[in-house]
Structure formats: C-alpha cells, structure tokens
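Heads up, the thing below is written out as structure tokens.
The values are calculated or read from the model by the stated rules, or taken from the named source; none is laboratory data. The model shown is predicted, which means the values in this text are computed figures rather than measured ones. Methodologically, a virtual Cβ is constructed for each residue, glycine included, from the backbone with ideal geometry; neighbour enumeration extends over all protein chains shown. Accessible surface areas use protein heavy atoms only, side chains included; no ligands, DNA or RNA. Shrake-Rupley method; radii C 1.70, N 1.55, O 1.52, S 1.80 Å.
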Amino acid sequence: QVRPAESGGGLVQPGGPLRLSCVFSGSIFNSYTMGWYRQAPGNERELVARITGYGNTNYADSVKGRFTISRDNAKNMVYLQMNSLKPEDTAVYYCHSETAYSSDWGQGTQVTVSS
C-alpha cells in the first residue's frame, strides 16, 4: 500500500530553520505529485507546497521565499526546507502523494515555532 511517512518536526525558535522529510513506500515514485500540507488548530488543512515528478513546484503565498520543496526520485524522498519560520507556521504538517487515480496522506508531524 502506498503510504507517505513524514519526519523532522519539532520545536524551533522564530526565525529559525527546519527541514521536513517524507519517505514514499510505493513504486514508480516519479509518477506521483508530492505535496506538503498543514493544519493548525481550528483551521482547515491547507496546501503549503507541491512538486510534480518533473520538478515543477508551486507554493502558498504565505511561504513563498521562505520554504523550498524538493524531491530525490532515486531515494523516494521529498523534503520541505523551511527558513525564517514564524509562529503562524505552527501546525501539523502532512505529506501527500497523488496521481490521477490515487491520493494518500501521511500521519503528520508537528511543527511548533515559539520562543
């Protein structure tokens, strides 16, 4: 069964960096569009960044210039490098994999930005 699995969350001070990683258990990884989403308490889940198998990316306006999504197709990995973190970035971050026929979520990893 296809299942993304996140790691790398934690507590970080405002202005600091953090990198999230997601390992993908399915095959033909480069056929999947991978994404990072987040959900803060009381809010709906929202897109943070997505990357296609070809490496095309798109970002939420709130993270442009601060976050970078990347993937390593040889290792079935996708990453989210987060810089200049703000308290409003605090949320559970989810890795997502999709094709025209599938949609799968990881269990999420908590990111807390606080001094």
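Descriptive notes on the structure:
- For the chain: relative contact order, % (alpha-carbon pairs under 8 angstrom, 6 or more apart): 36 percent
- Positive contributions from Lys and Arg (+1) and negative ones from Asp and Glu (-1), summed over other residues with Cβ under 11 Å from the Cβ of Q39, come out at 0.
- A Förster radius of 25 Å combined with the Cβ-Cβ distance from L11 to K64 puts the calculated FRET efficiency at roughly 0.55.
- Surface composition of the chain: carbon plus sulfur atoms hold 46% of the accessible area, using a 1.4 angstrom probe and ignoring ligands, DNA and RNA.
- Label point at T57 placed 7 Å out along Cα→Cβ; residues across region 71-115 whose backbone nitrogen lies under 12 Å: 71-72, 79-83
- For the chain, the solvent-accessible area with a 1.4 angstrom probe is 53 square angstrom per residue.
- Qualifying GluC sites (Glu not before Pro) for region 37-94 [loop in DSSP, other Cβ within 10 Å: at most 13]: E44
- Within the chain, longest stretch free of exposed chymotrypsin sites (Phe, Trp or Tyr not before Pro) [DSSP loop, at most 14 other beta carbons within 10 Å]: 1-53
- Pair K86, E44: separation of 7 Å Cα→Cβ label points (nm): 2.1 nm
- In a simple Cβ point-charge model (Lys, Arg +1; Asp, Glu -1; nothing else charged), the chain has a dipole of about 220 debye relative to its Cα centre.
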